[in-house]
Amino acid sequence: MTTQNRKAEERQARRNLILNGALSVFKENGIDGATMEHIASKAGFGTASLYYYFPKKEDVFSAIMLKGWHQLWDSCEDTIISKNSPKEKFLTILNIIANHILKERNLYSFLFTAPQHSIQFETEPWKEFQGKLYKTLENLLEEGMTLGEFPKIDSNLLFKAIGGSFHGILLMGNNQKSLSRENIEGLFSRLLSTSISPHE
């Protein structure tokens, strides 16, 4: 490994420590109540070192959101462009997301339930990946309904079932380390049958 590569890895490791510390601070105090000093202390850095990586707390929040949504999109991209059926793609994507949740619970519980705040962001780069992923899932649902792979019901209600699936995954015990594609299909099917009524 070259010196340049080693330094880049060290910078990324320090950046990850900051983001992990900030996650705890944001969850404890909200975004409005968080301070750069508190984030630095939680991450084990001096405040001056934190400012080297992030000029303000809004940038830290944005980096957390971008990391999570970009990671999900990258993980799902091969499935999205595959030649599998809409249902198979849809359930595989849910499976990928579920296992990310189980692997990094703190990050994804924050991602899906980010606290309300009064801060106005100049840019929200994570929304590009969030929007693409949600739109892809919506399109796969619609294609699957057209082909008879899913019941013909309101896609908004199906998204509520997806949200219920993720919430259920977050509530699973820490001993649950992964879920299979079959686990996800069973969970999603149960939520569909118990919480959503098909249109007449």
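The table below lists the values:
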item	result
Separation of the Thr3 and Asn20 label points, Cα + 7 Å toward Cβ, nm	2.8
Mean Cα-pair separation over length for the chain, i.e. relative contact order, pairs under 8 Å, 6 or more apart, %	23
Estimated FRET transfer efficiency (Lys152, Phe121; beta-carbon r; R0 30 Å; 0.05)	0.20
Proximal lysines relative to Lys67, as straight alpha-carbon distance under 25 Å, when same-chain residues fewer than 8 apart are discounted	Lys7, Lys27, Lys42, Lys56, Lys57, Lys89, Lys103, Lys127, Lys132, Lys135, Lys160, Lys177
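Laboratory data are not the source of any read-out in this text; all were calculated from the coordinates shown. As the structure is a computational prediction, the values presented were derived from the model and not from experiment. No Cβ is skipped: glycine too gets one built from the backbone with ideal geometry, and neighbour counts run over all protein chains shown.
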